[in-house]
Amino acid sequence: MTGSGTVTGADRIRLSVRDLRVELADGSADVVAEVSFDVAAGHTLGIVGESGSGKTTVAHALLGHCRRGLKLASGSVVVNGTDLLAAAPEELRRHRGRMVAFVPQDPGKALNPVMRIRRQLAESVAGLDNGRARIPAILADVGLDARPEILDAYPHQLSGGQQQRVCLAMAFAPRPDLIVLDEPTTGLDVTTQRRVLDTVKRLSESYGVASVYVSHDLAVVAEVADRVAVMYAGRVVELGAAADVLAAPSHPYTRGLLLAAPRPNEATAMEGIPGYPPRAGQRPPGCSFRPRCPIAVDRCRDTPPPEFVRPDHLVRCFRAADESVRAVAGPLREQAPGPAGPAALQASQISARYGRRQVLHDVSFEVRQGECLAIVGESGSGKTTLARCVSGLVADWTGSVRFDGAELARNVRGRDRSVLQKIQYVYQNPYASLNPRKTVRQILAGPVEHFSGKRGAAVTAVVSQALESVALSPQLLRRFPAELSGGERQRVAIARALAVEPSVLICDEITSALDVSVQAAIIRLLHDLQLLRDLTLVFITHNLALLPSIAHSVVVLQHGRVVESGDVHAILSAPAMPYTRSLIANAPRLDPPGHENPPQSWTADLRETTK
Amino acid sequence: MTGAGSAAGARALGALTRAGGADRGGIAAITRQALRTKRGAIGLALVLAVVLFAVVGPFVAPYSPDALVTVPLSGPSGHAWLGGDFLGRDVWSRLLAGGGALLLLAVLATLLGVGAGTAIGVTAGLVQGKTDSVLMRLVDVGLAFPQIVFALLLVSVAGARPWLVVVAVGVSHTPQVARVTRAATLDVAEQDFVKVAESNGVRRWRIIVFEIVPNLVSVLMVELGLRLTFSITLIAGLTFIGFGLRPPAPNWGVMINENRIGLTLNPWGVLAPIAMIAILTIGMNLFTDAFASAAIGVDRAGDLMLEAAPFAAEAAP
């Protein structure tokens, strides 16, 4: 890898984008505009942004494609001398796959479910010199053996990581000039993610492919990219060498993202960025970021900021040169030691099976009143099943769950109303946990009426109060979930749980569907609520980096067994078990310059988790 | 004529639903969206026109539907616009008077069929297990009969009374509706908001009524529209064969039957009632079609925000 990540000779530039502009189909507003960048052979550009920033639109435009309802309005996307935006449809089709390749977010959907891997790979090498003979080689490139178990498998028989490697193999097989990767590791667990990232980086460098890696996750981009473009409201607001952008971010939005990102090794008070990104057509005049910007000045109100270019570092902000506003380190937070009271919730020897497969083996844990226990594990570790057993939504399990010393019935139908009220749940996906046909008031009022028997004005008072406690305006009461952003929806879901005054709150991956800036705000909210209400929290997550900011103690699950448990700081700083060590080592982090790779011995003994 | 009328009607209805204050996600929003499309607006206008015709008709008819006013099977003339029927009664007057009863029976039969079918389908889809199997096998038995045969069977066993026509037609709809709603329920029942209600110990019937059924509106709306048109044709068909509504009461189905002997002399006696049924059916189908796409569109509008949102896709094991 070249040290600085800057583009050296112009002859090596493989992708050159100039003034790309994508509009709504009726031309009423731009979705993405003034996007220009170059990527050299063997280099990786990371495009980072939150939902609605336009990063996926740019990724599609690089293939000469746009979503229905949008149109490629102007600009050029030149790959190795050919302008894809000017190409005829027939020519474009020929280039796709050969000259430009695409690796999608969800490999499970990208592979044809009724075709064996062998045939799908054969399709990707069709037309190449001795295509089929190259299959073992292209599989070896992505770290898969050309064994019959892989080649003769259907996609669903492979693990998520293996599927994504097959997609990578297919993309790299024809040695394209450009590869566009759209969040290819979202949904993969950290160990697999690490391997995929390494593979992408290694292949791009060794085959001289220019790659564009789109992600919402700064830490992931920091791992893989030489240069980073930060997008906001359809514009590139900062562009530069990865190390530069991460170490000395010059745009307030980039700084906001960095402050919002959790860090596995320190308990920072993660700071959310207030507000939400404006949608296409609703962007304010002047700087789009102004309404959320802590350092905005009058000028930002009506003049769109021009690009400020330092040597090889572009920033779209009037105050980019102002050194005085550049603090990046979030304030460290003292996490109070966990409370020492009696156990509020105690699970012992929980075993559960799903059909024939045993998914939990004698799992035990306990949480004290006012404590936050994190349950950590990769996908398939059984953490969600554990939550469902505790909640009584799954009835086919053995072991016992005690709440305030009393044993709970196995099934939710056998439990007392008062117990149900005291243990509340917040689900992973706020897009599925709110009934789309109900207003926020109806959603919140349901459980309150159910448990208290109150009606009318008394309920409205409770409901408004619950909304306020999650920092939402009571004006939202009349809205439907479709009118709320993801962060607002998750706050409503939390408010629904809090409205019935529980003592235990079980949170199942509640931030995994949210942007980092929103995630930070939700974690902060949860932390404050916990202190304020003496809540007992069970926080289920795959994201180790969140632990220091919220949890007191942790249980690490692997394949349905408890691998390690104890105090968060003790475990994060000195993990005893190899599995925990690998989880920590593989978690992408934001400080790659100078960070040493984990000792090989930590990861060497770990096989990739397969189904 | 219909174009201008329907646009005005759509505007009026749009204003009405807007005043209701419901927003995206609500049924009113879906209706509003449906009425913005040409299909939806024209469809609803056609339906309303036929309903208006049937409701107001009896009061504005120039003659009594039973009065003999002209030469049997005579063509249209100044005092009998659509000519006379096989007994010399005024076709236009009978057309005006003959829609109300048919529509009323069809609406009742549809509500009964869709209501019962939904109850069975949603219960089977939510409860699953043995209940599901038993209910669905019964439904399969019901499905084995063609609808018209099923209705005929009931009516011929118990005699032709209006309420029995309603029951027969309603029951013949039930199995189909149950199938469709069960499939839709399976999707909704997997959603987390249903789990939230379950984990709070909310009773099952409340979950069905307050959590699941509101999410079936688009399916139910399509079923209602479809079943209503089926009901009308079924009842008209039963009447045509001689079951259901009996002459001499004026009725579009009876009219088709009575006047077909004079098809060549005065085709209006047959064509006019057929046209009314056709307009109603087409209008209903257009509207429900628009409603179904609008429901998808409204739901998608929310999903658009989700599109870019990353997921840690932990599949529930």
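Centre-to-centre separation between the Cα atoms of region A:25-45 and those of region A:95-132: 26 Å. Shielding value for B:199-212 is 4, the average number of Cβ atoms from other chains within 10 Å of each residue's Cβ. For region A:364-377, putting each phi into the Karplus relation 6.51 cos²θ - 1.76 cosθ + 1.60 with θ = phi - 60° gives couplings of 10, 7, 9, 10, 8, 3, x, 9, 10, 9, 9, 10, 10, x Hz, in residue order, rounded to whole numbers and with x for Gly and Pro. Along region A:300-308 the Karplus relation, 6.51 cos²θ - 1.76 cosθ + 1.60 evaluated at θ = phi - 60°, assigns HN-Hα couplings of 5, 5, 10, 10, x, x, x, 7, 9 Hz to successive residues, with x for each Gly and Pro. Placing unit charges on each Cβ (+1 for Lys and Arg, -1 for Asp and Glu) gives the protein assembly as shown a dipole about its Cα centre, and among A:A320, A:Y579, B:G170 the Cα reaching farthest toward its positive end belongs to B:G170. Of all beta bridges that DSSP places with both ends in region A:343-574, some 55 percent have antiparallel geometry. Among the cysteines of the protein assembly as shown, A:C66, A:C167, A:C293, A:C317, A:C372, A:C389, A:C507 have no other cysteine beta carbon within less than 4.7 Å of their own.
Region A:377-399 and region B:95-140 have Cα centres lying 38 Å from one another. Take each residue of peptide B:185-196, count the partner chain Cβ atoms within 10 Å of its Cβ, and average: the result is 5.
Using DSSP H assignments, which helices in chain A have an axial alpha-carbon span of 24 Å or above and a mean Kyte-Doolittle hydropathy of -1.0 or higher?
Working: long enough: A:190-207 (25 Å, -0.71); A:516-533 (25 Å, 0.92).
Span-like helices in chain A: A:190-207, A:516-533.
Under 5 Å between amide hydrogens, built in the peptide plane, is the criterion, and for A:A101 it picks out A:L178, A:I179, A:V180 among residues at least 5 positions away or on other chains.
Excluding A:T303 itself, calculate the net charge of residues whose Cβ lies under 15 Å from the Cβ of A:T303, where each Lys or Arg counts +1 and each Asp or Glu counts -1. Present the calculation step by step, with values, prior to reporting the outcome.
Values: positive: A:R235, A:R283, A:R290, A:R299, A:R301, A:R316, A:R319; negative: A:E34, A:D298, A:D302, A:E307.
Within the 15 Å Cβ shell, the charges total +3.
Counting beta carbons within 10 Å around each of A:I584, A:I117, A:I47 and listing the fewest first gives the order A:I584, A:I117, A:I47.
Assuming R0 = 30 Å, what is the FRET efficiency of B:A249 and B:I282, from their Cβ-Cβ distance, to the nearest 0.05? Intermediate results must be reported in sequence, preceding the final value.
On the way: r = 26 Å, r/R0 = 0.87.
According to the calculation, E is roughly 0.70.
When the helix-only estimate is applied to chain A (DSSP H runs of n ≥ 4, each -39,500 (n - 2.57), divided by the residue count), what is the mean residue ellipticity at 222 nm, nearest 500 deg cm²/dmol? Spell out each step's value before the answer.
Values: 22 runs with 192 residues, N = 611.
When only DSSP H runs of four or more count, the value is -9000 deg cm²/dmol.
Computed from backbone phi, the HN-Hα couplings of region B:178-185 come to 4, 4, 5, 5, 4, 4, 5, 5 Hz, rounded to whole numbers (Karplus: 6.51 cos²θ - 1.76 cosθ + 1.60, θ = phi - 60°; Gly and Pro given as x).
Placing unit charges on C-beta atoms (Lys and Arg positive, Asp and Glu negative, everything else neutral), compute the dipole magnitude of region A:350-429 about its Cα centre in debye, rounded to 20. Present the calculation step by step, with values, prior to reporting the outcome.
Details: 12 positive and 8 negative charges, 66 e Å.
So the magnitude is around 320 debye.
The residues packed around A:D416, meaning those with a beta-carbon under 14 Å from its beta-carbon, carry a net charge of +4 if Lys and Arg are +1 and Asp and Glu are -1. Centre-to-centre, using Cα atoms only, region A:271-316 and region A:177-209 are separated by 31 Å. Only lysine pairs 8 or more places apart, or on different chains, with alpha-carbon atoms under 24 angstrom apart are counted in the protein assembly as shown, and they number 14. Amide H contacts for A:I375 (H built 1.01 Å from N in the peptide plane; partners 5 or more residues away or on another chain; cut-off under 5 Å): A:F539, A:I540, A:T541, A:V555.
Can you tell me the FRET efficiency between B:H79 and B:S156 if r is taken as the Cβ-Cβ distance and R0 is 35 Å, rounded to the nearest 0.05? Walk me through the numbers before you get to the answer.
Numbers: r = 41 Å, r/R0 = 1.17.
E(calc), rounded to 0.05, equals 0.30.
Residues whose amide H falls under 5 Å from that of A:E564, counting only those 5 or more places apart or on a different chain, are A:V556, with hydrogens built in the peptide plane.
Distance between the 7 Å Cα→Cβ label points at A:R478 and B:L263: 5.8 nm. Annotation for region A:420-484: trypsin sites (Lys or Arg not before Pro) lying in DSSP loop with at most 11 further Cβ atoms inside 10 Å of their Cβ are A:R455.
Assuming 0.36 nm per residue, please report the length gained on full extension of the stretch A:D362 to A:L532 beyond their Cα-Cα distance.
On the way: separation 170, 0.36 × 170 = 61.20 nm, distance 3.38 nm.
So the chain would gain 57.8 nm between A:D362 and A:L532.
The Cβ shell under 9 Å around A:A260 holds other residues with a net charge of -2, Lys and Arg each +1, Asp and Glu each -1.
Placing unit charges on the Cβ atoms only, positive for Lys and Arg and negative for Asp and Glu, gives chain A a dipole magnitude near 1720 debye about its Cα centre.
Rule-based calculations on the coordinates, nothing more; no lab input. What you are looking at is a predicted structure, and each value in this text was computed from that prediction instead of being measured. In this analysis, Cβ positions are derived from the backbone assuming ideal geometry, glycine residues included, and neighbour counts consider all displayed protein chains.
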